[in-house]
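Take a look at the structure set out below.
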Amino acid sequence: MKKILIASTLALILTFNLNAQPKESDQEKGVRMEWFQEAKLGIFIHWGIYAVEGISESWSFYNGYLSHEDYMKQLDGFTASAYQPKEWVKLIEQSGAQYAVITTKHHDGVALWETDQNHYNVIENTPAGTDLIEPFVKALRKNDLKVGLYYSLIDWSHPDYPNHTRELKRYKEDSLRWERFVNFNIGQIKEISGSFNPDLVWFDGDWEFNAEQWHAIEIRELLMKQNPGIIINSRLRGYGDYATPEQGAPLHKPKDLYWELCMTMNDSWGFQHNDKNYKSTNQIIQIFADCIGKGGNLLLDIGPKEDGSIPPEQVEILEGLGRWTKKHEKAIYNTRAGLPSECFYGPTTLSEDSTKLYLFLPYKPSGSIALKGVKNRINSSWVLGNGTHLEPKLYLKPYWSSHAGVYFIDIPEDALDEEMTVVTILLDGKLKL
């Protein structure tokens, strides 16, 4: 009876806390999410001791590829000797990204900041010997880029975490040890919130326990108290603000108003010297255009080496991406999802006032491009970033029909972009389909 009473009391407390949270209207959330929706492109950074041997971050010992002991030996080789956060931010800004998300701690439990919690960190346990998050955050702020911090709820190295790894099996039921771990976890989250005041927190690892066990409500409340404008990704067991599909671009526009595809440049999140399977700049631009055409963002990952240098292949991709985003910024930022896929063979975006359409051509046209379903008259059309004037011609539109016709547009070959051409369509008013 006593157990039932305690359980009922806890349930009432949880219900009260949930109901006590101030209700946020769609309009209020829209204000909070505005910068994220306008940003379009972010850079993800997976950096940690796993770069020493160039092995998969945390998962290499989880899956038994090597022992936890051998994995942690990488602590001795993590130097950050070539780490230049200002140069990182310069490259991120050059790419066209508006925000960055860096791993403060992955599932291996090694913190990249000066934590007061008694656990692994790069200051005390690696030759790096210094806080690696603080100078990066300062550099982002100085360049007016939004600050995102990745934090793993899972900590497979913590002695009080009930590990589900193949090697480290500690306990299944021990409420006191779990409480100690929860306090440790919340303590570290308070630290990154209080020390760095991030614009966005990117949680990971929530799948091993439920919202109540993680204290998800409490975590959200403490972050919102520190910064009422903060944004939280979806991996907090239902207490986040936007969806985070991983490594798989959605075929159709997601139902979620706010979403972000996180994706690697090759097949690895962290640096792996044997992984040379890089996507081309053109392929990444195609994926990026597809994301923004469906109203989402792209969070593109880089994996620095243990010394803090960024592999040249990744630098080359970011520089190529930056050339393209700078040329076509009007079609990228401050836009909304474009036309239904039936209307144009390629991604499209729409200006905020719905009077301009941007058509992305992930191909070299072998003839005229076709725009369907648009009832508006086209006032003007040109190649974005090039200025070449175009002459759309309307067909299949008899005077007695209320249906939209088909616009055919020819683009001179010498006006095509080397990666992806974008055509601007100025309508006679707000888009009508």
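Structure values in brief
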read-out	value
Calculated on alpha-carbon atoms, Rg and Dmax of the stretch 336-427 in Å	12.7, 42
Spatially proximal lysines relative to Lys23 (Cα-Cα < 17 Å; intrachain offsets below 8 disregarded)	Lys225
Residues Thr104, Thr264, sorted so that the one with the fewest Cβ neighbours within 10 Å comes first	Thr264, Thr104
For the stretch 32-327: span of alpha carbons on each principal axis (Å, largest first)	56, 38, 36
Contact order relative to length of the stretch 32-327, as percent, for alpha carbon pairs under 8 angstrom and 6 or more apart	25 percent
Dipole of the chain, positive direction: furthest Cα of Ile45, Tyr65, Gly429, with charges on the beta-carbon	Gly429
Residue pairs, from the table Lys327/Lys356; Lys105/Lys142; Lys86/Lys146; Lys40/Lys330; Lys276/Lys305, whose Cα atoms sit over 20 Å apart	Lys105/Lys142
Hydrodynamic radius of the stretch 93-177 per Kirkwood, over alpha carbon pairs, in Å	14.8 Å
Mean residue ellipticity (222 nm) of the chain, computed from DSSP H runs ≥ 4 via -39,500 (n - 2.57), nearest 500	-9500 deg cm²/dmol
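Coordinate-derived values only; no laboratory data. Note that the structure is a prediction, hence the values are computed from the model and not measured. Using ideal geometry, Cβ is built from the backbone for each residue, glycine included, and neighbour counts are taken over all protein chains shown.
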